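Novice: My questions all concern the structure below.
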Amino acid sequence: MSTDMKRRIFLKGSLAAGAVGMAAGAGLLMPQQVLAAWPSAAFEAKEIPAALSALMGSDTSEPSTDIRVKAPDIAENGAVVPVTVETSIGGVESIAIIASNNPVPLVASFNLGQGASGFVSTRIKMGKTGDVIGVVKAGGKLYSARKGVKVTIGGCGG
């Protein structure tokens, strides 16, 4: 590697660290606030009802045809399963994604701002074949839809 290339890498790293330091100093980036809001009980729960209670305040959801869970029928690699949850329900507050047969079923939670459309898309890990459940909180109630996904190579240690 040339000296010019090493200098460029050093300068990029220094500028990035300086920008993060300035943002933290200005109060724009406050890691302790982010960590304080982390719902650890929900993400550590071993059962779906306990995860939903800790995250959304209720352990029961009503099945809804207004929610669409898009995921592959067969996931060749459970370590990277693309999932999309979309809803036409109005006033969506949050959307959670659950992998029913994972050791820790809650895999993602998204809090949406007022007026946001009910749409999230991400990649999740699945240890084995099971349902991917999209849970939508709107108007203080929970609604859900599910999609079965067959996993051929597990991503959670399987």
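Novice: Taking the conditions exactly as written (polar (S, T, N, Q) and either closer than 19 Å to Pro39 by Cα or within 12 Å of the chain's Cα centre (by Cα) (or both)), does Thr87 satisfy them or not?
Specialist: Judged against the criteria, Thr87 is not a match.
Novice: Please determine, by comparing only the residues of the range 34-81 that are of a type in the set (Ser, Thr, Tyr) and without any contact (Cβ under 8 Å) to a residue 24 or more places away in the chain, which one is farthest from Gly130 (Cα to Cα).
Specialist: Applying the filter and picking the extreme gives Ser40.
Novice: Please return the ranges of strands (runs of 3 or more DSSP E) entirely within the range 54-158 where 2 or more residues are assigned by TED's automatic domain parsing to the domain that holds Glu44 and in contact with a Pro (Cβ under 8 Å, 6 or more places away or on another chain).
Specialist: Correct list: 81-87, 92-99, 119-124, 141-151.
Novice: Kindly indicate whether Lys70 is among the basic types (Lys, Arg) and at pLDDT below 95.
Specialist: no
Novice: Ok, one more. Considering only the range 40-53, how many residues are in a loop (DSSP other than H, G, I, E, B) and loosely packed, with under 15 Cβ neighbours inside 10 Å?
Specialist: Matching residues across the range 40-53 total 2.
The values are calculated or read from the model by the stated rules, or taken from the named source; none is laboratory data. These figures come from a predicted structure and were not determined experimentally. Glycine gets a Cβ as well: all are built from the backbone with ideal geometry, and neighbour counts include every protein chain shown.
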